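Only one structure is covered here, and it is reproduced in the block below.
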Amino acid sequence: MVEAFAVASGKGGTGKTTSTLALGMALAAEYDVTVVDADTGMANLLFHAGLDDAPLTLHDLLIEGREADVADATYERHGMRVVPCGTSLAAFEAAEPGRLREVVADLASDADVLLLDSPATLASKSAVLPIVLADRVVVVLQPTIPSLSDGLKVQEYARSYGTGTAGVLFNKVRGDLGRVTDQAERYFGGPTLGAVPDSDAAREARSAGVPLLAHAPDSAAAAAYRDAAAGLDPKPGEAGGVADRFRSAVVPDRP
């Protein structure tokens with residue numbers, strides 16, 4: 001089985017990368033999980049996962065002429081396979097976004113769950129392709145109306161390409177969600193997966209270069225992520241068919 005989730009937000013600062021790794025670690029207790037930093041322009045998952053010295057990254061797989069196999073840029077970390085992306089501007093400019101289809105197709109043959117840490121914008125082909133490739137999108141939001149508005153744009157675009165909504169995950173929550181929950185349930189196509197409290201542990205984990213669930217597994221934030229992961233309920237899919245779908249996906253124009 002394999003299902004691909006895009007973890008997206010519509011804007012930066014929501015804790016999307018922290019959430020991607022936390023959901024990945026939680027799901028890895030039951031599934032074979034591969035996490036991909038698909039934010040090729042503003043990558044930072046490598047810093048969160050302690051992979052800032054990785055010799056090969058997703059960029060090497062996306063640049064035509066580079067001799068690198070997917071396995072060479074895949075690293076075992078914290079019970080998951082992780083494909084980080086580099087931070088070089090020159091590599092970003094040389095990368096061909098459409099090649100992500102083949103990378104994801106290769107990864108699909110050896111995973112139950114793919115988590116694509118997606119860019120915080122919808123302004124380019126490289127930014128929207130992870131959402132197009134995914135089966136469902138997890139929308140990570142802060143509990144504010146403007147953040148809901150940004151997330152709805154992500155959902156609208158995802159739906160236009162047949163990508164479903166796995167649910168909404170509120171992050172950096174202080175106090176009660178109030179009417180924001182009602183608004184989310186009214187407008188989003190999936191459930192509210194959870195509310196992750198604002199946490200010093202999450203900030204400390206980022207500084208340490210370790211995923212939250214490894215750094216502070218007993219924290220309230222870690223417990224909230226585990227509950228959210230339990231609500232995802234990955235759907236079975238035949239790996240060969242999923243891989244073929246990835247390879248044939250239409251590379252979208254800029255929205």
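Per-structure values
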{"read-out": "Enumerated helices (runs of 4 or more DSSP H) restricted to segment 67-155, each holding at least 3 residues that are open to solvent by 10 Å² or more (accessible area, probe 1.4 Å) and in contact (Cβ under 8 Å) with a residue 40 or more places away in the chain", "value": "100-108, 125-133"}
{"read-out": "Residue list for segment 89-105, filter: more than 12 Å from Ser248 (Cα to Cα) and either at pLDDT 85 or above or of a type in the set (Lys, Arg) (or both)", "value": "Leu89, Ala90, Ala91, Phe92, Glu93, Ala94, Ala95, Glu96, Val103"}
{"read-out": "Residue that is nearest to the chain's Cα centre (by Cα) [pool: residues in segment 75-113 that are under 27 Å from Gly231 (Cα atoms) and hydroxyl-bearing (Ser, Thr, Tyr)]", "value": "Tyr75"}
{"read-out": "Residue ID - farthest from the chain's Cα centre (by Cα), chosen from residues in segment 38-54 that are outside any loop (DSSP other than H, G, I, E, B) and either on the phi > 0 side of the Ramachandran plot or surrounded by 24 or more Cβ atoms within 10 Å (Cβ to Cβ) (or both)", "value": "His48"}
{"read-out": "Residues of segment 4-37 satisfying the condition of being open to solvent by 10 Å² or more (accessible area, probe 1.4 Å) and over 16 Å from Tyr225 (Cα atoms)", "value": "Gly10, Lys11, Gly12, Gly13, Asp32"}
{"read-out": "Given (1) more than 15 Å from Leu116 (Cβ to Cβ); (2) open to solvent by 20 Å² or more (accessible area, probe 1.4 Å), number of the condition Ile63 does not satisfy", "value": "(2)"}
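Matching residues to (1) modelled with pLDDT of 90 or more; (2) within 17 Å of the chain's Cα centre (by Cα):
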position	(1), (2)
Val140	yes, yes
Ser160	no, no
Thr181	no, no
Gly189	no, no
Ala221	yes, no
Ala229	yes, yes
Glu238	no, no
Val251	no, no
Pro255	no, no
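The values are calculated or read from the model by the stated rules, or taken from the named source; none is laboratory data. The structure presented is a predicted model; accordingly, all values stated were derived computationally and were not measured. Cβ: placed from backbone, ideal geometry, glycine included. Neighbour counts: every protein chain shown. For the accessible areas, the whole protein counts, side chains as well, though only heavy atoms, and no ligand, DNA or RNA atoms are used. Shrake-Rupley method; radii C 1.70, N 1.55, O 1.52, S 1.80 Å.
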